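Asks: Questions regarding the structure given below will be posed in turn.
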Amino acid sequence: MILTKKKLIRLTGKSLAKLNKDIHERDGYTCIIPGCGRHVALEEKFHHEPCGNGSKEDRIEKGLLLCYGLHHKHRHDGPGSAVIQQLCEEYLRRIYPEVWQDE
């Protein structure tokens, strides 16, 4: 059996800027963590889920907004990162169940 590596979608320039704007509009320019509601400026890039090298994809189904000061920072290296990861995945799974069913 030959396994093929999945090609990850990575965007640059105007395509990435459009995706960033689309995600901001979808998420209402606010952090998606329940009870947070902090504003996320368009200048702040969206968060990839799953995050980390080798798994990030520039797709609307894999991006969401986290406020940088609290949730984005803690998602990467803070206490509670597993809880934030779970909330991110649940959020995207509700919106895009067909994409997240195998995740």
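Asks: 7 Å from Cα along Cα→Cβ at both C36 and D102: what's the point-to-point distance in nm?
Replies: The two pseudo-label positions are separated by 2.9 nm.
Asks: Here is a further query. Report the Cα centroid-to-centroid distance between the stretch 82-103 and the stretch 5-36 in angstrom, as an integer.
Replies: 15 Å
Asks: Evaluate the charge dipole of the chain about its Cα centre and quote only its size in Debye, nearest 20, assuming +1 on the Cβ of each Lys and Arg and -1 on the Cβ of each Asp and Glu.
Replies: My answer is approximately 340 debye.
Asks: Here is a further query. Set the Förster radius R0 to 25 Å, insert the Cβ-Cβ distance between K7 and L70 as r into 1/(1 + (r/R0)^6), and round the FRET efficiency to 0.05. Intermediate results must be reported in sequence, preceding the final value.
Replies: Details: r = 34 Å, r/R0 = 1.34.
So the FRET efficiency works out to roughly 0.15.
Asks: Between H47, H74, H24, find the one with the highest GNM mean-square fluctuation for the chain; connect C-alpha pairs within less than 10 Å.
Replies: Maximum among the listed residues: H74.
Asks: Given the rule -39500 (n - 2.57) for each run of at least 4 DSSP H residues, summed and divided by the residues of the chain, what is its mean residue ellipticity at 222 nm, to the nearest 500 deg cm²/dmol?
Replies: -10500 deg cm²/dmol
Asks: Between C67, F46, T30, whose Cα lies farthest towards the positive end of the dipole of the chain when Lys and Arg beta carbons carry +1 and Asp and Glu beta carbons carry -1, centred on the Cα centre?
Replies: Of the listed residues, the answer is F46.
Asks: Now for a different question. What are the radius of gyration and Dmax of the stretch 13-64, computed over its Cα atoms and given in Å?
Replies: Taking only Cα atoms of the stretch 13-64, I get Rg and Dmax of 11.0, 33 Å.
Asks: Which whole-number percentage describes the relative contact order of the stretch 12-99, with Cα contacts under 8 Å and a sequence gap of 6 or more?
Replies: Relative contact order, the stretch 12-99: 27 percent.
Asks: Using θ = phi - 60° and the Karplus curve 6.51 cos²θ - 1.76 cosθ + 1.60, what whole-Hz ³J(HN,Hα) does each residue of the stretch 85-94 get, with Gly and Pro shown as x?
Replies: Along the stretch 85-94, the couplings run 4, 4, 4, 4, 5, 5, 4, 5, 5, 5 Hz.
Asks: I'd like the FRET efficiency for A17 and E61, computed as 1/(1 + (r/R0)^6) with the beta carbon distance as r and R0 of 25 Å, rounded to 0.05.
Replies: Rounded to the nearest 0.05, the efficiency is 0.85.
Each reported figure results from applying straightforward, stated rules to the coordinates on display, with no laboratory input. As the structure is a computational prediction, the values presented were derived from the model and not from experiment. Cβ: placed from backbone, ideal geometry, glycine included. Neighbour counts: every protein chain shown.
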